Amino acid sequence: MTGLDSPRTAEVKRHTRETRVQCAINLDGTGVSNVRSGVPFLDHMLDQIARHAGIDLTISCEGDLEIDTHHSVEDCALVFGRTFRDALGDRIGITRMCDATVPMDEALAQAVVDCSGRPFASVATGDAGGTGLPPSLLAHFFESFVAEARITLHLRVIAGRDPHHMAEACFKAFARAVAGAVALDPRRSGVVASTKGTLTA
């Protein structure tokens, strides 16, 4: 059984010539994280997801950082997304859609999530970023996550001056939207929030 009847956990490993990534998730956790991506700024942002989505998240990555951070960031996102999808299972009983708007001092970001089973990302994060996670790569992180998680994500920076604050607002808004979307609704026990009867096909 899935949904209200069993823990929503998963673990995925991905080994290539560029990276070795391992991820474990408990969607019904308490916000505990243990992240070692090799990119400290990304670790900080992933910790924000765990804490503000209330999920337990473990990610470890050994990547070709002697080249740059691209492969490590991209592959962490891909594996994270696949693990998230596996943990969601058949998506029975979930709320499915949620949006969140979150400030970080002068910065403001909005995230809208639909666990629809259809991967689509509209990411407009402007200059948001940090060391090892420049603006183009920050956007690519979310696009890569969405591709494997098979969710719809609209993410945008509404206001901001400091790239770090803008990035942190993005990750916190994403976390809050994810938390609401994957939340189990007892009124939907055994029911999929879709007129077509499935969120996985």
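The values are calculated or read from the model by the stated rules, or taken from the named source; none is laboratory data. The structure presented is a predicted model; accordingly, all values stated were derived computationally and were not measured. Because the Cβ atoms are built from the backbone with ideal geometry, glycine has one as well, and the counts that use them run over all protein chains shown.
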Which one of these does Cys98 not meet: (1) assigned to a strand (DSSP E or B); (2) closer than 21 Å to Ser136 by Cβ?
(2)
All but one of (1) surrounded by 16 or more Cβ atoms within 10 Å (Cβ to Cβ); (2) modelled with pLDDT of 95 or more; (3) of a type in the set (Gly, Ala, Ser) hold for Ala159; state the number of the condition that does not hold.
(1)
Can Ser60 be described as at negative phi and in contact with a strand residue (DSSP E or B) (Cβ under 9 Å, 6 or more places away or on another chain)?
yes
Just to be sure before I move on: is Leu153 in a strand (DSSP E or B) and buried (at least 20 other Cβ atoms within 10 Å of the Cβ) in the structure I sent?
yes
Suppose the filter is out of contact with any helix residue (DSSP H, G or I) (no Cβ under 8 Å at 6 or more places or on another chain) and either among the polar types (S, T, N, Q) or at pLDDT below 95 (or both); does Ser136 pass it?
yes
Is segment 169-181 home to any residue that is buried (at least 24 other Cβ atoms within 10 Å of the Cβ), free of Cβ contacts under 8 Å to residues at least 60 places away in the same chain, more than 22 Å from Asp86 (Cα to Cα) and out of contact with any Lys or Arg (no Cβ under 6 Å at 6 or more places or on another chain)?
no
Quick one: what pairs do we get from segment 58-72, first residue in contact (Cβ under 8 Å) with a residue 12 or more places away in the chain and in a loop (DSSP other than H, G, I, E, B), second surrounded by fewer than 18 Cβ atoms within 10 Å (Cβ to Cβ) and not charged (D, E, K, R), C-beta under 8 Å, 6+ apart or different chains?
none
If Val113 meets every condition in (1) surrounded by fewer than 22 Cβ atoms within 10 Å (Cβ to Cβ); (2) within 18 Å of Ala179 (Cα to Cα); (3) modelled with pLDDT of 95 or more; (4) of a type outside the set (D, E, K, R) apart from one, which number is that one?
(1)
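For (1) modelled with pLDDT of 95 or more; (2) in a strand (DSSP E or B); (3) farther than 30 Å from Asp64 by Cβ; (4) among the β-branched types (Val, Ile, Thr), each residue gets a yes or a no:
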| site | (1), (2), (3), (4) |
| --- | --- |
| Lys13 | yes, yes, no, no |
| Arg17 | yes, no, no, no |
| Arg20 | yes, yes, no, no |
| Cys23 | yes, yes, no, no |
| Val35 | yes, yes, no, yes |
| Leu42 | yes, no, no, no |
| Met45 | yes, no, no, no |
| Ile49 | yes, no, no, yes |
State yes or no: is Ser122 without any contact (Cβ under 8 Å) to a residue 40 or more places away in the chain, in contact with a Lys or Arg (Cβ under 9 Å, 6 or more places away or on another chain) and not hydrophobic (A, V, I, L, M, F, W, C)?
yes
